[in-house]
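Notes follow once the structure below has been shown.
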Amino acid sequence: MNPQITRKIMNLFARIDNQISNLIWHTGLRCPDYCGRCCYNKRVDISPLELYPLVSFFIHTGALEIWLEKLYNPDTGVTCIFHQSDPLNPDKGRCLVYSFRPCVCRLFGFSGRIADTGEHIMLPCKVQSKEYPEAVQMARHFVQGQKKIPLLTGYKQRLMHLDPELGNKYMPMNQAIKFVLEKAAIIQKYSTVE
């Protein structure tokens, strides 16, 4: 994994997190504690490039092979392999790699889009809309007034500029995880061969 690109992706994550923190601070919008319902969506596509920081962490901690084995396990479901359900309440759970989660995981419920009119439109998740309607309304007003909201399309473009080939390749979550972990394992294997 290219250390310069990995560092730039971590900077991108920090920028996203700062924008979301600003939105949360001004509006009170948040996710319900241990919700994780978005992690059950089978159609979440990401670029393997977004996983470079996580893979670097796995290499550094010696966890790369452990996660590869989990991906090869036939009992691995179609939801994100990094989501751990609460055994007492399967509707709740948590991300095991929260600090390294991809852009879409960071932005879901806290991002928006630009309408044809140029207006910034907040896109909360269904759970936020149900659980925190006042905060969602405040977020919508904040976004319209400030025009400062993270846009997933903007971050996808930034990724693409870091690595035009891999940054433009999108695949289902677990497939992207497998792709980048296998790539890292091969690089690791051949970099240690004398």
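The values are calculated or read from the model by the stated rules, or taken from the named source; none is laboratory data. In this text, all values refer to a predicted model and were calculated from it rather than measured experimentally. Here the Cβ positions follow ideal geometry from the backbone for every residue, glycine too, while neighbour counts run over all protein chains shown. Ligands, DNA and RNA are excluded from the accessible area calculation, which covers all protein heavy atoms including side chains. Shrake-Rupley method; radii C 1.70, N 1.55, O 1.52, S 1.80 Å.
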Considering segment 103-131 alone, what residues qualify as being assigned to a loop (DSSP other than H, G, I, E, B), in contact (Cβ under 8 Å) with a residue 40 or more places away in the chain and among the small types (Gly, Ala, Ser)? 109
One residue is enough: does segment 8-21 have a residue meeting the conditions of a type outside the set (D, E, K, R) and in a loop (DSSP other than H, G, I, E, B)? no
All but one of (1) within 16 Å of the chain's Cα centre (by Cα); (2) assigned to a strand (DSSP E or B); (3) over 21 Å from residue 19 (Cβ atoms) hold for residue 79; which doesn't? (2)
Condition set more than 13 Å from residue 20 (Cα to Cα) and open to solvent by 60 Å² or more (accessible area, probe 1.4 Å), scope segment 148-163, selection farthest from the chain's Cα centre (by Cα): answer is 161
Is there a residue being at pLDDT below 90 and closer than 19 Å to residue 53 by Cβ anywhere in segment 131-141? no
Under 9 Å between Cβ atoms, at least 6 apart or on separate chains: pull out the pairs that start in segment 35-56 with a residue that is farther than 15 Å from residue 178 by Cα and at pLDDT below 90 and end on any residue that is buried (at least 23 other Cβ atoms within 10 Å of the Cβ) and among the aliphatic types (A, V, I, L, M). 39/173; 41/173; 42/173
With respect to residue 106, is the statement that it is open to solvent by 30 Å² or more (accessible area, probe 1.4 Å), modelled with pLDDT of 85 or more and in contact with a Phe, Trp or Tyr (Cβ under 8 Å, 6 or more places away or on another chain) true? no
Give me the residue from segment 1-55 that is under 22 Å from residue 83 (Cβ atoms) and among the small types (Gly, Ala, Ser) and, out of that set, surrounded by the most Cβ atoms within 10 Å (Cβ to Cβ). 47
